[in-house]
Amino acid sequence: MKKILVTGATGQLGSELTITLRNRYGAENVLATDKKPALSEPGPFYCLDVRDMSTLNQVVESNNIDTIFHLAALLSAVAEQKPQQAWDINMNGLINVLEISRMHHCALFFPSSIAAFGTETPSMDTPQDTIQRPTTIYGITKVSGELLCDYYHRHFGVDARGLRYPGLISSKTKPGGGTTDYAVDIFYAAIKSQHYECFLRADTQLDMMYMPDAIDAAITLMTADSTQLKHRNAFNVTAMSFTPQQLAAEIQEHIPEFTITYRVDPLRQAIADSWPRHMNDSAAKAEWGWRAQFGLQAMVKNMLEKIALN
Ligand code: NAD
Ligand code: AKB
């Protein structure tokens, strides 16, 4: 990776990934792009809609880009409210980026999600290769994206690689309209008012990951020896799996007066109920050495410390 372009760079994942990439490869070598305004960090930024193929092509060509981290998307809860727009952004954005990667010989990172699974998938120890019949539009775009990336690799030799991320938890940037957002919101509420009203049921178990691990996973996969990759796209990766009740109990270890109540949002609950509870990520461990650094206890301690400082 010498010259990198990040789409969706002002979002939850992109804002932190861009900083890490700039620290590692030099600020001038990492172009942040988004349709929202620029990051406050120093470094090149282009205001760019991923559906605008000709501008995207021009930016990639004129900057000699060799690697694209394609993060721009609508997330699960927002996508369910705007399914046509979600298909347009998530699929037309991806096919544009794949075509550009084919034309300019770029490597491509595409993040899939636990949303790529559905109710017919085994929800515990979810295998790497298993049935994928998601019921959400977001999940449908993610499975389609995984398949498109595989297709472009097989037919055109595009070096497309990807991960199935669980819910991502970050102390720096708020989440952008997903079903796992509660696991970030709860920390801000715990510090501000010592109370949180959760939109998922107390026993809703989902896989999660702390942002430093999510960034490490993306960069490690993109720099892995390609001859060792049997799957390439859509590796299951997880770091912890918990319910809102268990997360609240861990926060209470640090803030004893913290309380949680539940007012279930039927839309987001139905989405969460269709996702796996705990994925098997042994393929990622075996093929490119995936290891998470943060479990539940370490993540909670670090989140509370970081948010208190913000
Ligand atoms: P986010 O919503 O915080 O950020 C997405 C960014 O994409 C936003 O800054 C938005 O402005 C931008 N965007 C939307 N439409 C665009 C368009 N047409 N053109 C250009 N930019 C556009 O999302 P995130 O949490 O940072 O997620 C990044 C990627 O990771 C997404 O593909 C998401 O599906 C995937 N992912 C995220 C999670 C998670 O928990 N955050 C989990 C699994 C997968
Ligand atoms: C969402 O909830 O939509 C995302 C995801 C798990 O893909 N956080």
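Taken together, the values in this text are just the output of simple stated rules run on the coordinates, not laboratory data. Quantities reported herein were computed from a predicted structural model and do not represent experimental measurements. All Cβ positions, glycine included, derive from the backbone under ideal geometry; neighbour counts span all protein chains shown.
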- Message: So the label point goes 7 Å from the Cα of GLN84 along Cα→C-beta, right? Which residues of segment 127-147 then have their backbone N under 18 Å from it?
- Response: 137-138, 141
- Query: Quick one: helix 12-25 against the long Cα principal axis of the chain, what's the angle to the nearest 10°, folded into 0 to 90?
  - Reply: 50 degrees
- In segment 66-170, the GluC sites (Glu not before Pro) that sit in a DSSP loop and have at most 15 other Cβ atoms within 10 Å of their own Cβ are GLU120
- Note on the structure: Per DSSP, the loop-located GluC sites (Glu not before Pro) within segment 184-288 having at most 12 other beta carbons within 10 Å are GLU253, GLU257
- Query: So what's the angle, to the nearest 10 degrees on a 0 to 90 scale, between helix 296-309 and the longest Cα principal axis of the chain?
  - Reply: 80 degrees
- Message: Taking just the alpha-carbon atoms of segment 169-258, what radius of gyration and Dmax come out, in angstrom?
- Response: 15.9, 52
- Query: Counting only DSSP beta bridges with both residues in the chain, what percent are antiparallel, rounded to the nearest 5?
  - Reply: 10 percent
- Query: Taking the C-alpha atoms of the chain, how large are the radius of gyration and the largest Cα-Cα span, Dmax, in Å?
  - Reply: 18.6, 58
- Message: List the trypsin sites (Lys or Arg not before Pro) within segment 234-310 that DSSP assigns to loop and that have no more than 11 neighbouring Cβ atoms inside 10 Å.
- Response: ARG263
- Task: Take the alpha carbon atoms of segment 189-226, find their center, do the same for segment 275-310, and report the distance between the two centers in whole angstrom.
- Result: 7 Å
- Note on the structure: Counting only DSSP beta bridges fully inside segment 166-310, the antiparallel percentage to nearest 5 is 30 percent
- Item | On Cα atoms only, tilt of 182-193 relative to the major axis of the chain in degrees | 50 degrees
- Query: Semi-axes of the equivalent ellipsoid of segment 90-141: what are they in whole Å, largest first, if each equals the square root of 5 times a C-alpha gyration tensor eigenvalue?
  - Reply: 27, 13, 7
- Item | GNM flexibility winner over the chain from ALA217, ALA234, ALA270 (Cα, springs under 10 Å) | ALA270
- Quick calc: nm separation of the 7 Å Cα→Cβ label points for ALA270 and GLN194 -> 3.8 nm
- Within a Gaussian network of the chain (alpha carbon springs, distance under 10 Å), most fluctuating of THR141, THR173, THR238: THR173
- Item | Cross-link reach list, lysines versus LYS142, counting only Cα pairs under 17 Å and skipping chain neighbours closer than eight places | LYS82
- Task: Show that you can apply the helix-only estimate: for the chain, add -39,500 (n - 2.57) for every DSSP H stretch of four or more residues, divide by all residues, and state [θ] at 222 nm to the nearest 500.
- Result: -12500 deg cm²/dmol
- Find the all-direction average of the projected area of the Cα convex hull for segment 36-192, expressing the result in square nanometres with one decimal place. 11.0 nm²
